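> Structure in structure tokens, see below.
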Amino acid sequence: MILITGGTGFIGSHTAVVLQQAGYDVLVIDNLHNSEREVISAIGQITGREPAFIEGDIRDVSLLAGLFKTHHIQAVMHFAGLKAVGESTQIPLTYYDNNIQGSITLLQAMRNAGVRTFVFSSSATVYGDPQRLPLTEDHPRSATNPYGYTKLVIEDILESLYRSEPGWKIARLRYFNPVGAHPSGLIGESPQGIPNNLMPFIAQVATGQRKQLNIFGNDYDTPDGTGVRDYIHVMDLAEGHKTALEYCNAQAQTLLTTNLGTGQGYSVLEMIQAYEQACGKPIAYQVAERRPGDIAACWADTTYAKQTLGWKADLGLKEMCQDGWRWASRDNTGQQKRGQDSFNTD
Ligand code: NAD
Ligand code: UD1
């Protein structure tokens, strides 16, 4: 059985689908801080069986100890965390406690239970402002905000742990910009309040929830002046996790650190155009000030992931926008819809 922390969240839920469809049993723990319980039944609808679910916090020592005692857990995929950069500057202690202390508590419980396979959600944010592109895994790391620091620190904790005793199989996966949704339209990203990230914001302009997109700067040193990012379909990312888990399982011990991106950068204007194609509507926008802390451009070197995992992203911008739009444009009583629809990709 694979324990997925944060498994009702955006990336964790898609990974749960891919693992279940590959035949793994999945146990999800999530405190539902940024997700809903209904995601579990949606995963059930897609895959034909619901994963086991515990509503709880990864900082709860006794809950975790009990969980490892009562379930035969072979590996942990650790998605649970807070992820809003702006919020992390306002409530840094909450971020350090949730992300860093949460990870330590989880790793201690694993260690006590003799479980030593761990796949961690790191981020391209650890590269800071790129000194060169594409970003290779040996690019110097830095952080400019508490969220980014939590990723740096957890990466370092994992390295110390790996070096402290034999047998750990650890994957540190540095995601670029995950977007899109499962093609069923039954699970996707559900940001609370005003979305921080580009794609969910564009989606809300398309549905009429927001009047227009603010493009944060069009005077960057990029082909059209707007920011360039490496957007990756969440289903490709989920497949990357399965591959990383299988890679770990095949080693006696390992500390794998790899990018998960497409290697291709798109600008904000290109994303708007692609989304307009997918939803068939114009996306209203205006150019606004640069967002503090933003970088001009960022995309992955994918060579190492291909070489070590034999993994590469297959889905393009079209699928990212079409699948994202299918999810965003579901009727707003999404939970009822999940109850009515039947979708099984098996
Ligand atoms: P998400 O918010 O959708 O999912 C995270 C889940 O973790 C949520 O369901 C939340 O309720 C849960 N959670 C948070 N703290 C918890 C705790 N203490 N105990 C139990 N559950 C807890 O976010 P996501 O986009 O799916 O991101 C998953 C991971 O990937 C995060 O660690 C994030 O930092 C990392 N990441 C995300 C992105 C991105 O753009 N989405 C990019 C790079 C890295
Ligand atoms: C953000 C986070 C980063 C995190 C990443 C993946 C910040 C400063 N950085 O990065 O730490 O790892 O998400 O989740 O929040 N844009 C607009 N208008 C908008 C929103 C975004 O023009 O309303 C632009 C941005 O300036 C950027 C691009 O769209 O050029 C992508 O932005 P976003 O989706 O927030 O991702 P990142 O900035 O890459």
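> Suppose the chain between Arg290 and Asp97 were pulled fully straight at 0.36 nm per residue; how much longer would it get relative to their current alpha carbon spacing?
Numbers: separation 193, 0.36 × 193 = 69.48 nm, distance 3.00 nm.
Separation in residues times 0.36 nm, less the Cα-Cα distance, equals 66.5 nm.
> So, one more: Taking the alpha-carbon centroid of each part, what is the distance from region 1-36 to region 141-215 in angstrom?
Answer, in whole Å: 15.
> Turning to a different aspect of this structure: Quick one: P(r) of the chain from all Cα-Cα pairs, 20 Å bins, percents rounded to integers, in order of increasing distance.
31, 61, 8
> Taking K and R as +1 and D and E as -1, what net charge do the other residues with C-beta under 11 Å from the C-beta of Asn214 add up to?
Values: positive: Arg210, Lys211, Arg290, Arg291; negative: Glu289.
Result for the local shell: +3.
> Further question on the same structure: Starting from the residue with the highest accessible area, list Glu165, Glu319 in decreasing order, probe 1.4 Å.
Details: Glu165 35, Glu319 65 Å².
Heavy-atom accessible area, descending, gives Glu319, Glu165.
> Among Gln322, Val234, Tyr247, which residue has its Cα positioned farthest towards the positive end of the charge dipole of the chain, with +1 placed on the Cβ of Lys and Arg, -1 on the Cβ of Asp and Glu, and the dipole taken about the Cα centre?
Going by the Cα projections, it comes out as Tyr247.
> If you don't mind, another one. Evaluate the charge dipole of region 4-105 about its Cα centre and quote only its size in Debye, nearest 20, assuming +1 on the Cβ of each Lys and Arg and -1 on the Cβ of each Asp and Glu.
On the way: 5 positive and 10 negative charges, 44 e Å.
Computed about the Cα centre, the dipole is about 220 debye.
> So how do Glu155, Glu50 rank on accessible area, 1.4 Å probe, biggest first, that is with the largest at the start?
The ordering from most to least exposed comes out as Glu50, Glu155.
> Moving to a separate point now. Of the cross-linked pairs Lys211/Lys318; Lys151/Lys312; Lys151/Lys281; Lys69/Lys242, which ones have a Cα-Cα span greater than 31 Å in the structure shown? Intermediate results must be reported in sequence, preceding the final value.
On the way: Lys211/Lys318 24 Å; Lys151/Lys312 23 Å; Lys151/Lys281 37 Å; Lys69/Lys242 24 Å.
Result: Lys151/Lys281 exceed 31 Å.
> Let me check I've understood the local charge: for Ser164, count other residues with C-beta under 13 angstrom from its C-beta, Lys and Arg +1, Asp and Glu -1. What total comes out?
Working: positive: Arg111, Arg116, Arg163; negative: Asp156, Glu159, Glu165.
Once positives and negatives cancel, what remains is 0.
> What number comes out for the charge environment of Phe201, summing +1 per Lys or Arg and -1 per Asp or Glu over other residues with Cβ under 13 Å away?
Around Phe201, the charge tally is +2.
> Now for a separate question. Could you tell me which helices of the chain pass both thresholds, a Cα extent of 15 Å or more along their own axis and a mean Kyte-Doolittle hydropathy of at least -0.5, with helices taken as whole DSSP H runs? Don't skip to the answer; put the middle values down first.
Working: long enough: 10-21 (17 Å, 0.77); 102-113 (17 Å, 0.35); 146-164 (26 Å, -0.13); 234-249 (23 Å, -0.23); 268-279 (16 Å, 0.43); 317-328 (16 Å, -0.92).
Span-like helices here: 10-21, 102-113, 146-164, 234-249, 268-279.
> What does DSSP give for the chain in terms of the percent of beta bridges that are antiparallel, rounded to the nearest 5? Spell out each step's value before the answer.
Working: 2 of 40 bridges.
If we restrict to bridges inside the chain, about 5 percent are antiparallel.
> Given the C-alpha atoms of region 1-93, compute the convex hull and give its volume per residue in Å³. Each step should come with its number before you reach the end.
Numbers: hull volume 8.6 nm³, N = 93.
Dividing the Cα hull volume of region 1-93 by its residue count gives 92 Å³.
> Please report, in whole Å, how far the alpha carbons of region 178-232 spread along each principal axis, starting with the longest.
Here the Cα extents, ordered largest to smallest, are 38, 26, 16 Å.
> Taking only protein heavy atoms and a 1.4 Å probe, what accessible area per residue, in Å², does region 157-197 have with all protein chains in place? Let's see the in-between values first.
On the way: 1570 Å² over 41 residues.
So region 157-197 comes to 38 Å² accessible per residue, rounded to a whole number.
> When the label point is put 7 Å from the Cα of Tyr304 along its Cα-to-beta-carbon vector, which residues of region 155-176 have a backbone N closer than 20 Å?
155-164, 168-176
> Projected onto the charge dipole of the chain (+1 at Lys/Arg Cβ, -1 at Asp/Glu Cβ, origin at the Cα centre), which of Gly188, Val61, Ala284 gives the Cα projection farthest towards the positive end?
Result: Val61, furthest along the dipole toward the positive end.
> At a Förster distance of 25 Å, what's the computed FRET efficiency of Gln90 paired with Gln209, Cβ-Cβ distance as r, to 0.05? Can you show the working numbers first?
Values: r = 24 Å, r/R0 = 0.96.
E between Gln90 and Gln209, to the nearest 0.05, is 0.55.
> For the chain, what is the calculated [θ] at 222 nm in deg cm²/dmol (nearest 500), taking -39500 (n - 2.57) for each run of four or more DSSP H residues and dividing by its residue count? Spell out each step's value before the answer.
On the way: 13 runs with 136 residues, N = 346.
Using -39500 (n - 2.57) per qualifying helix, the result is -11500 deg cm²/dmol.
> Also, quick follow-up: For the chain, give the percent of accessible area contributed by carbon and sulfur heavy atoms, probe 1.4 Å, rounded to a whole number.
Numbers: 6990 of 15010 Å².
That share works out to 47 percent.
The values are calculated or read from the model by the stated rules, or taken from the named source; none is laboratory data. Keep in mind that what you see is a predicted model, and the values were worked out from it rather than measured. Counting neighbours? That spans all protein chains shown, and the Cβs are built from the backbone with ideal geometry, glycine included. Ligands, DNA and RNA are excluded from the accessible area calculation, which covers all protein heavy atoms including side chains. Shrake-Rupley method; radii C 1.70, N 1.55, O 1.52, S 1.80 Å.
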